[in-house]
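The values are calculated or read from the model by the stated rules, or taken from the named source; none is laboratory data. Values in this document were obtained by computation on a predicted structure and should not be read as measured data. Ideal geometry is used to build each Cβ from the backbone, glycine not excepted, and the neighbour counts take in all protein chains shown.
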Amino acid sequence: MKYKSVFDIIGPVMIGPSSSHTAGAARIGRVARSIFGREPKWVNISLYGSFAKTYKGHGTDVALIGGILDFDTHDERIIQAIELAKERGMKITFNVEDAVTDHPNTARVFIGDEKGELELVGISIGGGKIEITELNGFELKLSGHHPAILVIHNDRFGAIAAVANILATHEINIGHMEVSRKEKGKLALMTIEVDHNIGENILQEIDELPHVLKVTRIVD
């Protein structure tokens, strides 16, 4: 196995005790917050596998809520995240599930408020690294470690090429890209990880394309 940096071996700077159960969980929560775009009023989290068995002892619960509050993995406020969230009026529910998942460290995060809802599935793969594998019913693969944009669009000829052309025009390099759709000719989701954060002007260009319904940015 090849490592890109020393942090791939020793893990990230974080609040303990576990890179998988704490740092990874915090990143899953923070990606959910980033995509949702604001602090939710309620949180419903289902835990599977190892997460379900040890989430209180390993701080997975406080880490997930800390991420949803937009705390980074090294933020000491993570320890009091649940109390802080409740002080802000956030309603929190944790569910321990028996279902067998593809990965032992799996969380389904369902958040929302009076304006909307968001549901995602995230897995913690070790060393603080994560993957988001599902978003509002769309299958995807999002690491959460690179700037990214999520583009919801109608499944039409040329929609993907139009987005890629805008990024190429602005010299934005694509590191990873995939498209998921629930049904042919209906809604689809582009997941695009890039090398640099994308400015509002570029997002606006993409948002104005035919067949594009919504663009969400995840900053590094």
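Brief remarks follow.
- Residue match in segment 51-73 (condition: among the aromatic types (Phe, Trp, Tyr), under 21 Å from residue 141 (Cα atoms) and out of contact with any helix residue (DSSP H, G or I) (no Cβ under 9 Å at 6 or more places or on another chain)): no
- Residue among 174, 160 that is among the hydrophobic types (A, V, I, L, M, F, W, C) and buried (at least 16 other Cβ atoms within 10 Å of the Cβ): 160
- Count of segment 182-208 residues which are over 18 Å from the mean Cα position of the chain (by Cα) and not β-branched (Val, Ile, Thr): 14
Condition check ((1) outside the structural domain of residue 190 (by TED's automatic domain parsing); (2) at pLDDT 90 or above; (3) more than 10 Å from the chain's Cα centre (by Cα); (4) surrounded by fewer than 18 Cβ atoms within 10 Å (Cβ to Cβ)) across all residues:
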{"residue": "93", "(1), (2), (3), (4)": "yes, yes, yes, yes"}
{"residue": "103", "(1), (2), (3), (4)": "yes, no, yes, yes"}
{"residue": "111", "(1), (2), (3), (4)": "yes, yes, yes, no"}
{"residue": "122", "(1), (2), (3), (4)": "yes, yes, no, no"}
{"residue": "126", "(1), (2), (3), (4)": "yes, no, yes, yes"}
{"residue": "130", "(1), (2), (3), (4)": "yes, yes, no, no"}
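- Residue, farthest from residue 67 (Cα to Cα), within segment 197-220, restricted to residues that are part of a helix (DSSP H, G or I) and touching a residue at least 40 places away in the same chain (Cβ under 8 Å): 206
- Strands (runs of 3 or more DSSP E) fully within segment 93-186 that include at least 1 residues being small (Gly, Ala, Ser): 105-113, 116-126, 148-154, 174-181.
- Pairs, first at positive phi in segment 148-168, second surrounded by fewer than 15 Cβ atoms within 10 Å (Cβ to Cβ), C-beta under 9 Å, six or more apart: 158/210
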